[in-house]
Structures are given as structure tokens and as C-alpha cells.
Amino acid sequence: MEEVIRINGGKLLDGTIKVSGAKNATVALLPASVMAYQPVRIAGIPDISDVNSLKEIMRFMNVDVQEIGDNELLIDPTNMENRVLDLEAVRKLRASYYFMGALLGKYRKVVMRMPGGCDLGPRPINLHLKGFEALGAHITYDNETIPNDIIITIEAEELVGTRIYLDFASVGATINIIMAAVYAKGRTIIENAAREPEIIDCINLLNRMGAVIRGGGTSRVVIDGVDRLGGCFHEIIPDRIEAGTYIILSAAMANHVCIENVIPYHLDSLISKLKEMGVNIVPSLDRVDVYSSPALNAVDITTMPYPGFATDLQSPLSALMTKAEGTSTILETIYPERFKACEQLEKMGAKVKIEQPQAEITGISHLHGCDVTATDLRCGAALVVAGLMADGMTTIHEIKHIDRGYQDIVSKLRNLGADIWREHID
Ligand code: EPU
């Protein structure tokens, strides 16, 4: 039996949809929280499968993780043990790599399986590892303990602050190096740091726990090492990619949809692009209203690190591009394999030409429902957008990818009037 998402497309959407806490912040905040020696309470945790995997890993280390009320966790690492992370959950999400920085910082040693995650082509972690080495860590690999897998050991006698220049402004490397450096001796400076809002959120949590980190949100992050982190309360920022997905699907199918719990500033690059397309969109303080638009124009996008156009939103936007008059182009500079979504859209009638690292989408195409596969999380989001637009029934397979990042997507969209449901098929 396989569970699929089915959509009868063509329904106009009306109503309000509330965005959950940010996945890509949460997956860093949970590993960061275990660096404390006291309980940490975090609110706004999305109910997604990546969080379940992280809870499993934390509990495996004897961290007491309690659900207290809606979307809140009390994480108590008082009796935590630095165990070898050889459990399967590590491979279910890429962000388990944040335990590297967290445990290296706290215990000077981490032993774990290599992380998994969405298949978006080669996703090296060389910048994370180079950063750990610059702080004084040694790295060894063992591929014999678990067949077809690699166990990585990162350890240091002591971590000493230093100046680290990142060859690329990597989100993961920036956060991971910050976490290790929080417990290093002296000052660490990360140059060419990534500037994503999720990094600022993680820094805010660590500072509340007692860390001394300045420059979050700029390309130069300065960390002054401390001896001990304590407990605190923190609320996670809204998920800008989930919000962006709902804004895009509203641009396609809304009569009037209000997207709530958004920081529109985090979505500047998307909102200005949608305005250029002719989308009737009104951002305000913490919400975005989208109204039906008479006609859409083709646009060109280039994915870039924040504040550029997010790679995570190019797949959902590619579905909307099928509805725009003319040829739109996407230049993907972060993850070339993202164009797998375009290949699925082609099955639904999209006119797509892929010449890596660029794709062209020519509209207007009237999409038709068929069987498609979510090859990764954001491809899944693109297929939901496309399914809502298409004539007839779309069946989306491999929805485990969608469940990794979108809390209650089916019920949220049903509330807007979409004809969408989950079904078990043989
Ligand atoms: N890169 C390296 N070496 C490294 C690290 C990254 O070459 O050591 C390269 C990557 O291969 C990629 C680029 O640098 O080409 C960007 O990677 P980055 O490290 O910034 O991405 P990430 O931390 O692996 C996070 C999000 C992704 C999102 C990217 C880009 C998390 C858990 N993941 O990944 O989110 O696409 O930043 O914004 O925060 C998703 O949510 O669907 C998702 C994949």
C-alpha cells in the first residue's frame, strides 16, 4: 500500500492559510538546543517528519524531549550522553549534520553516520568540515562498521577560535561552524557567511542560551566562545518557503487568499518577481493577500543565496510559469537537480526546455492531471501547485518528501476550497 496525494484541479481558492514555523530554522535549532546544560523551550515547531527524525536522534542521546502544548517542545539535555549516532534517523534528513557542530562544540567529539536528505545532486559538506578543522578538529572516516555507509568521527583536544573564510556562503556550513565556535576558546570570525533568516534565528536562540554571537544576517559573523550554555525560551520564525509556496499557489488559483504568519521582508525577491509577472499581491506587516490576476507575464529568475531568489522556491514558481504568456527562464546556481520538477511538469503538459543550468518554460500551457512523482520536497510543492491548476485528477507519488516540510498541507488547502486528499492505493 502506498499513500498518495490526489487533487481535482481547477477549483478557485478563497480564505486564510496560516504558515507554520520554519523547517530550515527548526532543523538547526533542535540540535543547537542540546548544547545547553539546562532545559530549552521552543515554540512554533512545525509538525513535519524531519522534526520526528530529530526528536528520535535527541532521545537516542538521552535528551528528554517533551511535547508541551501545540507545536512546543521542552528539551532537557541535563542527562544527555554523547553516543555514536549510528541510527537510521540520521540518514532521513540532511540537517542531521547540525549535530556535528553541536556535539563537537559541547563534547569535543562527535561520531555519526553521514547525513541523507533530498537528492539534489552532489551536496558536499567540505566547507563544514574545513571549518571544524580550522577550529582544531581532526576528521576520520570508517566505512566498515555499517555496510554501504560511512561513519565520520570529528574530534578535537581543544577548539580554538580563528578566522574562517567560506568559499561559498553556505547555510549549513555557517550554522555548523557557529555552533562549534560557541564553545571554542576565544574569537572566531566567519567571513562570507550566509545571511539567511534561519541563520539569524539560530543565532538568536544561541545568544538567549548565553552565547555571544554578533553580525548575524551579515557576511561577517563574530563568535566569542563561552564555557556553558543555559536554558531559555525561543519562538521560531515563520517558514518563508512554505509561505512562498502558498503565495505562489494563490497567484495561480486564488479568488482571494490571505496568507498569515509571514514576514514579507523575507520574501522580497519572490514578491517583486510575482509583481513583475502581474500577480495581484498585497504584502502588509505580517500577512500577504493575493487576489486573482487577469493575466500573467513570463519572467526570468536566477537562484542565489539569500537575499537572492531562493532555490527552494524555483520549483513551485516553475509551475506558475506555465500559466504566464511567453517564455520564462530559470537559471539555477545552487542545485542543478532541482529541474527534476520541470520534468514532472512536462508530463502534465508544460512546455519545458532544460539546458543545465538553465530551464525555459513557455506558456500558456493548460496542464492536465496525471500520475507524477515528488522527487524531492520542493518538487512535491511544485506538483501540488500544478495539480491545483490542472484539469482533471493529479496523483502525486512519493509524498514522504512533501511530509518532510509542509505541515498539514492537505487540510490547509482543503480549508481554502481545494479538492485535495490523501489516499492509500495498492
Ligand atoms: N556546498 C558545498 N560545500 C559545502 C556546503 C555547501 O559545496 O560544504 C554547496 C552545495 O552543494 C550547494 C550550495 O553550496 O550547491 C548551497 O548549499 P548550502 O550549504 O547553502 O545549503 P544547505 O545548508 O545544504 C540549506 C537548506 C536547503 C536550501 C539551501 C539553499 C537546510 C536544512 N537546507 O541547505 O533547503 O535549498 O540551504 O538555500 O537548511 C529544502 O528546504 O528543501 C532544502 C533543500
(request) Find the helices (runs of 4 or more DSSP H) located wholly in the range 126-218 whose residues include 3 or more that are open to solvent by 10 Å² or more (accessible area, probe 1.4 Å), and list them. (result) 126-134, 197-209
(request) Give me a count of the residues in the range 88-110 that are surrounded by fewer than 20 Cβ atoms within 10 Å (Cβ to Cβ) and modelled with pLDDT of 95 or more. (result) 3
(request) Would you check if there is a residue in the range 112-124 being at pLDDT 95 or above and not in a strand (DSSP E or B)? (result) no
(message) Taking the conditions exactly as written (assigned by TED's automatic domain parsing to the domain that holds residue 277 and either open to solvent by less than 20 Å² (accessible area, probe 1.4 Å) or within 16 Å of the ligand (Cβ to nearest atom) (or both)), does residue 352 satisfy them or not?
(response) no
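Assess whether residue 260 counts as being out of contact with any Leu (no Cβ under 8 Å at 6 or more places or on another chain) and away from the ligand (no atom under 15 Å from the Cβ).
Numbers: out of contact with any Leu (no Cβ under 8 Å at 6 or more places or on another chain): yes; away from the ligand (no atom under 15 Å from the Cβ): yes.
Answer is yes for this residue.
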(message) Residues that are crowded, with 19+ Cβ neighbours inside 10 Å, more than 14 Å from the ligand (Cβ to nearest atom) and within 24 Å of residue 43 (Cα to Cα): does the range 111-123 have at least one?
(response) no
(request) Quick one: in the range 1-33, of everything that is over 16 Å from residue 392 (Cβ atoms) and assigned to a loop (DSSP other than H, G, I, E, B), which residue is most open to solvent (accessible area, probe 1.4 Å)? (result) 1
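Condition first: basic (Lys, Arg) and within 16 Å of the ligand (Cβ to nearest atom). Now tell me which residues in the range 57-102 satisfy that. First the steps, then the outcome.
Going through the range 57-102, the residues basic (Lys, Arg) turn out to be 59, 83, 91-92, 94.
Selection gives 91, 92, 94.
Let's see how each residue does on (1) in contact with a Leu (Cβ under 7 Å, 6 or more places away or on another chain); (2) within 16 Å of the ligand (Cβ to nearest atom); (3) at positive phi:
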residue	(1), (2), (3)
280	no, no, no
302	yes, yes, no
336	no, yes, no
377	no, yes, no
(message) Checking residue 402 against (1) open to solvent by 30 Å² or more (accessible area, probe 1.4 Å); (2) within 16 Å of the ligand (Cβ to nearest atom): exactly one of these is not met. Which one?
(response) (1)
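Tell me the helices (runs of 4 or more DSSP H) entirely within the range 334-426 that contain at least 2 residues that are under 12 Å from residue 322 (Cβ atoms).
Working: elements: 340-347, 377-389, 400-403, 409-414.
The qualifying helices (runs of 4 or more DSSP H) are 340-347, 377-389.
Anything in the range 171-198 that is without any contact (Cβ under 8 Å) to a residue 60 or more places away in the chain and within 16 Å of the ligand (Cβ to nearest atom)? List them, or say none.
Looking only at the range 171-198, we keep the residues that are without any contact (Cβ under 8 Å) to a residue 60 or more places away in the chain, and these are 173-174, 185-193.
173, 174, 190, 191, 192, 193 - these are the residues of the range 171-198 that are without any contact (Cβ under 8 Å) to a residue 60 or more places away in the chain and within 16 Å of the ligand (Cβ to nearest atom).
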(request) Answer yes if at least one residue in the range 359-371 is within 14 Å of the ligand (Cβ to nearest atom) and either over 14 Å from residue 6 (Cα atoms) or not assigned by TED's automatic domain parsing to the domain that holds residue 15 (or both), and no otherwise. (result) no
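The values are calculated or read from the model by the stated rules, or taken from the named source; none is laboratory data. Being a predicted model, the structure only gives us computed values, none of them experimental. Here the Cβ is made from the backbone with ideal geometry for all residues, glycine too, and neighbour counts use every protein chain on show. For the accessible areas, the whole protein counts, side chains as well, though only heavy atoms, and no ligand, DNA or RNA atoms are used. Shrake-Rupley method; radii C 1.70, N 1.55, O 1.52, S 1.80 Å.
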